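What follows is a single structure, written as structure tokens, with notes after it.
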Amino acid sequence: MRAFAIFVGLIALGLAGIAILGYPAWLVISPWLDHPKFHRISSRVGMGLLIIGFLFVARRLKIGDRESLGFGLPWDQFIGQVGKSVFFGALLMMPAVLTMLALDLLKPAAKPPPDGWVHLVVGGILTGLTVAFIEETFLRGAMLTAIKRESGARVAIALTAIVYAATHFFGRYRVSPADVHAGSGIDMLTHILAVYAQPYRILDTFVCLLAVGVLLGMVRVRTGNIAATIGLHAGWVAVIYVVRAATDRRPDARGAWMLGEFDGFIGWLVLAWTLVLGISLCWWYRPGARVRSESPGALTPSPQSADS
């Protein structure tokens, strides 16, 4: 569990950076900006600390190479796998979206996207790829590799899935420039973590994200790289991005409870489809399938985790 504790410590370091260094960074940087925003400056400070800590940890744990981070495939094959998986991920989200529309849980937005559908879709894909690249490199790349070497594939998949689910509930904090004060960093951290004081509000979303995290971890282990996990993750994020912009939730619908209370989308209904479609993913990325990586560093089952 040493590797798991180290990565959780890195996340804690980033959060501590927001609380402790957010305000000093604001004092230094805000005078140089036309429209300074405290939450952006402090969050960048936290992310910077996390990256610095990650670089140090990567060397110590010997996970800084391409193979360990999940980039072991040749770049042309890697990019090709990402592209195919983006399409696959978006396709797998459609049954859940169509079910929401069929049950009148969602309705088309009153106004079309202000910048047009093409702009919306492209924005969703770019957002999905950005989010997926960062999260998959950290979680299913470095963190899963480090934990798997210590404790085996099953433990690595489970622990990274828990972290993946838990870190999706950091609340958004906004404060006007005139109201920023010496304790704003602590206020921001308190707001970020406030949702965990009401676990019943996030239970459905947490369980769904946990299932998604397990599936992505399974794909990572079976393929030996994170190309497919980046693509699947990006496809799911892109669909959610577009659907949220193009539809409105109907909180008065009879089945409204099936949509997540936290974000109005990820909940019991998405979980049900995740479990059903997870069977397809397990088959598609089965050991020995043609999509499997043949790179020497692939995370093929080791003696200590052959039963995973």
Query raised in the report: Can you name every residue in the stretch 170-191 that is modelled with pLDDT under 90 and in a helix (DSSP H, G or I)?
Result: none
Report summary line: Of (1) more than 30 Å from Ala109 (Cβ to Cβ); (2) more than 13 Å from the chain's Cα centre (by Cα); (3) among the small types (Gly, Ala, Ser); (4) surrounded by fewer than 23 Cβ atoms within 10 Å (Cβ to Cβ), Gly171 satisfies every one except (1)
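Do we find that Ile20 is surrounded by fewer than 19 Cβ atoms within 10 Å (Cβ to Cβ) and within 22 Å of Ala234 (Cα to Cα) in this structure?
no
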Query raised in the report: What's the number of the condition Gly141 fails, among (1) buried (at least 18 other Cβ atoms within 10 Å of the Cβ); (2) not in a helix (DSSP H, G or I)?
Result: (2)
Query - Close pairs from the stretch 52-73: first farther than 11 Å from Ala146 by Cβ, partner polar (S, T, N, Q) and assigned to a helix (DSSP H, G or I), Cβ under 8 Å, at least 6 apart - result: Gly70/Thr137; Gly70/Thr145; Gly70/Thr229; Leu73/Gln81
Report task. Check Val237, Val212, Val221 and return the single one that is more than 16 Å from the chain's Cα centre (by Cα), crowded, with 20+ Cβ neighbours inside 10 Å, closer than 26 Å to Gly80 by Cβ and of a type in the set (Val, Ile, Thr). Result -> Val221
Query raised in the report: Does at least one position in the stretch 42-51 carry a residue that is under 30 Å from Ala25 (Cβ atoms), hydroxyl-bearing (Ser, Thr, Tyr) and assigned to a helix (DSSP H, G or I)?
Result: yes
Report task. Report whether or not Val8 is in a helix (DSSP H, G or I), at pLDDT 95 or above and out of contact with any strand residue (DSSP E or B) (no Cβ under 7 Å at 6 or more places or on another chain). Result -> yes
Query raised in the report: Pro36: surrounded by 14 or more Cβ atoms within 10 Å (Cβ to Cβ), touching a residue at least 12 places away in the same chain (Cβ under 8 Å) and either touching a Pro at 6+ places or on another chain (Cβ under 8 Å) or not in a loop (DSSP other than H, G, I, E, B) (or both), yes or no?
Result: yes
Query raised in the report: Which one of these is without any contact (Cβ under 8 Å) to a residue 40 or more places away in the chain, aliphatic (A, V, I, L, M), farther than 15 Å from Ile226 by Cα and assigned to a helix (DSSP H, G or I): Ala166, Ala194, Ala158?
Result: Ala194
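Output yes when any residue across the stretch 35-48 is over 19 Å from Val175 (Cβ atoms) and within 21 Å of the chain's Cα centre (by Cα), and no when none is.
Going through the stretch 35-48, the residues over 19 Å from Val175 (Cβ atoms) turn out to be 48.
From what is left, the residues that are within 21 Å of the chain's Cα centre (by Cα) are 48.
Within the stretch 35-48, one or more residues are over 19 Å from Val175 (Cβ atoms) and within 21 Å of the chain's Cα centre (by Cα).
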**Report entry** Only listed residue being without any contact (Cβ under 8 Å) to a residue 12 or more places away in the chain, acidic (Asp, Glu) and surrounded by fewer than 17 Cβ atoms within 10 Å (Cβ to Cβ), chosen from Asp252, Asp248, Asp263
**Finding:** Asp252
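The values are calculated or read from the model by the stated rules, or taken from the named source; none is laboratory data. Please read these numbers as outputs of a predicted model, since none were measured by experiment. Ideal geometry is used to build each Cβ from the backbone, glycine not excepted, and the neighbour counts take in all protein chains shown.
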